[in-house]
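Q: Supplied in structure tokens, the structure appears directly below.
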Amino acid sequence: MSILHPEFTNFVGWAKRSVPIIKMDRSNTVEYRRAYVPGACYFFTVVTERRKPLLIDHIGRLRKAFRQILTKHPFEVQAIVILPDHLHTIWKLPEEDEDYSSRWKKIKRIFSTGFPSRAHTDSQKNKREKGTWQRRFWEHLIRSEEDWTNHLDYIHYNPVKHGYVNQVKEWPYSSFHRMVKRGWYPESWGTKVSKKVLEMNSE
């Protein structure tokens, strides 16, 4: 049964508007190209450099970074889970806006400000990077209600998947609790998760 809220039903035509994200260059090497679609909905995975467990210990700093960018460059955080070394989230961009990359760059920079440098490579040092985050992040263009629901479930089940808790409701750094209050999930959700969600791998 779908739990998709009526405000998130504007999926019609997304697949038609999507663009290829993989191509072959002249040397037949696979080149990754991000999908940029104005007003679209995306699933993201963002990971700390060398999986350093920084995010929960500095959760206030991360929330501050999100608040600042949400104020200056609005978008909708539809779901999120924060674990010690990575986070998953679903964003809905404003209409006529496709620039999620700049938002992530700024969130990462604000979070990293004040940390001692953890730069490990010459490239990081030359670009004055702190070495707090992995440079790349995983992005997936949501194409349907089913796709949205599967990624929503994946996000909220993630703390159980990684063994941090035994039940979804036990992990505090998650939008799951907000969705329980809205009636989108029962509080006991997570005892039976679809095989498709369990087999998803976005890290």
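The values are calculated or read from the model by the stated rules, or taken from the named source; none is laboratory data. The structure displayed is predicted, hence computed values, not measured ones. Virtual Cβ from ideal backbone geometry, glycine too; neighbours counted across all protein chains shown.
Q: Answer yes or no as to whether residue 129 is out of contact with any Gly (no Cβ under 6 Å at 6 or more places or on another chain) and at pLDDT 95 or above.
A: The answer is no for residue 129.
Q: Next question, about the same structure. Give the residues of the stretch 172-203 that are closer than 14 Å to residue 161 by Cβ and not in a loop (DSSP other than H, G, I, E, B), sorted by residue number.
A: Across the stretch 172-203, the qualifying residues are 174, 176, 195, 196, 197, 198.
Q: Another question, if that's okay. Just the residues that are in contact with a Leu (Cβ under 7 Å, 6 or more places away or on another chain) and over 25 Å from residue 149 (Cα atoms), please, taken from the stretch 57-89.
A: Listed by number, the list holds a single entry, 62.
Q: For the stretch 132-170, which positions are assigned to a loop (DSSP other than H, G, I, E, B), within 16 Å of residue 53 (Cα to Cα) and modelled with pLDDT of 95 or more?
A: Answer for the stretch 132-170, where residues must be assigned to a loop (DSSP other than H, G, I, E, B), within 16 Å of residue 53 (Cα to Cα) and modelled with pLDDT of 95 or more: 162, 163, 164.
Q: Another question, if that's okay. Six or more apart or on different chains, Cβ under 6 Å: which pairs go from a residue in the stretch 132-155 that's touching a residue at least 40 places away in the same chain (Cβ under 8 Å) and under 22 Å from residue 38 (Cβ atoms) to one that's of a type in the set (S, T, N, Q) and crowded, with 17+ Cβ neighbours inside 10 Å? Could you list them?
A: Matching pairs, first to second residue: 138/45.
Q: I've got another one for you. Considering only the stretch 63-108, how many residues are within 23 Å of residue 156 (Cα to Cα) and either of a type in the set (Gly, Ala, Ser) or more than 15 Å from the chain's Cα centre (by Cα) (or both)?
A: Qualifying residue count for the region: 4.
Q: Considering only the stretch 40-69, how many residues are assigned to a loop (DSSP other than H, G, I, E, B) and out of contact with any Lys or Arg (no Cβ under 8 Å at 6 or more places or on another chain)?
A: 6
Here is a yes/no grid of residues against (1) modelled with pLDDT under 95; (2) surrounded by 15 or more Cβ atoms within 10 Å (Cβ to Cβ):
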position	(1), (2)
19	yes, no
22	yes, no
28	yes, no
57	no, no
61	no, yes
85	no, yes
91	no, yes
